[in-house]
Amino acid sequence: MLSVEEARAKVIEVVIARAGKCPLKTETVEFARDPSQALGRILAENIIADRNYPPFDRSIRDGFAVRAADVPEPGAKLKLIGESRAGVAFSGMVEPGQCVRILTGAAVPRGANTVMMQEYAREEGEFVVFEQAAKPRQHFVHAGAEARVGEVVVTRGTRISYAELAMAAEVGRVRVQVTRRPRVAILSTGDEVVEVDQKPGPFQIRNSNTISLSAQVELAGGEPVPLENARDDMAELRAKIEKGLESNILLLSGGMSVGKYDLVETALRELDAEFFFDSVALRPGKPAVFGWCKGKPVLGLPGNPVSTMVTFELFAVPVIELQSGYTPQALPFFKARLGHAIDEKAGVAHYLPARVTWPNGEPHVELMLWEGSGDIGAVVRGNCFVRVDQPRLHLEPGDWVDVLPRRGTF
């Protein structure tokens, strides 16, 4: 049985080795009218600066553009000869003994080499008196300081967010080339599962896993392809697995344990699947499976909803990232102080529903009361998971613990 770290590393290793040789498919999306078309996508090209940025020396303060040598000490008086504002530059030259009023974002006029803030100047008729000595090259950004023409300003493989869209727009791009989102088939299993719009019988449950997994796939950058639930029937299960293998990735939930009706591994073996692990030292989520079948990665996730959510985050996310052209990121743990004692069993890593707050500016985390891996409400009430693992299974109030944010809540 692998540790969480070993299992995650194995997933990444296998996907890189098996799928990394296949070129990623790309498409062009236009975002000028609808930025959501590109938001969250993985860039498949470099974005290049079409000119220097800023294209001129740009003031970052309201004040006066001067020659620093003309204001060697407080009390210097210069003649005000004009104004430079954003979009309308002063066209003349600043000669010795002169200054130009300048507004934030405006071009520094020729001849000037510094900007004096207006807070340290006063106007006296057509002159300006400065209350501080000037220093050269203050309070403006030099032309090309942010980017030079031809420079890569956003690199291929970047996940596009609002800053990347703003940069693309600044350099005149209205469309970008992105990788196609991997299609992720989602197949729940079990005779006890009915669709969410149906009334369940006394011993049945609604198919919440397909809903949660579809949302998690979207958040991770994939395109969910939900399939109808497969009953505990080998022929039906095998047919639906084969349907799922038409997508880029197959996720299954349920049927991963060793009970009489846990048929998923058997069905996959009949389809010549190769398995890399079939259990992980993890609670919740021990019976997690990773394999390869007909050229596609297959992840078998436990059927209990919290187990499904946790194992998706740990093992399915890097598969989606790699097949999107994105480098898998380390799990985004941060530290928080524990609000109460924890005492967990050895042998597995525990990912426990919890809620982190910042009551005094310092992160403070409390475990949610929960009734095991079927308790979705504990995850709803929380916003993160606390990791408890060797060698610190007993923790006291005030101890620092590892916190994994619940994707989409921070």
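Summary table below
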quantity	calculated
Strands (runs of 3 or more DSSP E) fully within the stretch 1-109 counting 2 or more residues that are aliphatic (A, V, I, L, M)	63-66, 77-84, 98-102
Checking L367 against (1) surrounded by fewer than 18 Cβ atoms within 10 Å (Cβ to Cβ); (2) within 26 Å of N209 (Cβ to Cβ); (3) touching a strand residue (DSSP E or B) at 6+ places or on another chain (Cβ under 6 Å), the condition it does not meet	(1)
Residue list for the stretch 364-383, restricted to those being touching a residue at least 40 places away in the same chain (Cβ under 8 Å) and within 21 Å of the chain's Cα centre (by Cα)	V379
Members of the stretch 122-132 that are outside any strand (DSSP E or B) and either surrounded by fewer than 15 Cβ atoms within 10 Å (Cβ to Cβ) or at pLDDT below 95 (or both)	G125, E126, E131
Condition check for E223: among the acidic types (D, E) and in contact with a helix residue (DSSP H, G or I) (Cβ under 8 Å, 6 or more places away or on another chain)	yes
Enumeration of residues in the stretch 222-246 that are assigned to a loop (DSSP other than H, G, I, E, B), in contact (Cβ under 8 Å) with a residue 40 or more places away in the chain and either more than 20 Å from E313 (Cβ to Cβ) or touching an Asp or Glu at 6+ places or on another chain (Cβ under 7 Å) (or both)	L227, N229, R231, D232, L245, E246
Number of positions in the stretch 133-166 that are in contact (Cβ under 8 Å) with a residue 40 or more places away in the chain, over 18 Å from Y326 (Cβ atoms) and not in a loop (DSSP other than H, G, I, E, B)	4
Flag for F140 being modelled with pLDDT of 95 or more, closer than 27 Å to R51 by Cβ, more than 41 Å from the chain's Cα centre (by Cα) and surrounded by 14 or more Cβ atoms within 10 Å (Cβ to Cβ)	no
Condition met for A336 (out of contact with any helix residue (DSSP H, G or I) (no Cβ under 9 Å at 6 or more places or on another chain) and free of Cβ contacts under 8 Å to residues at least 60 places away in the same chain)	no
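The values are calculated or read from the model by the stated rules, or taken from the named source; none is laboratory data. Computed from a predicted model, the values in this text were never measured in an experiment. All Cβ positions, glycine included, derive from the backbone under ideal geometry; neighbour counts span all protein chains shown.
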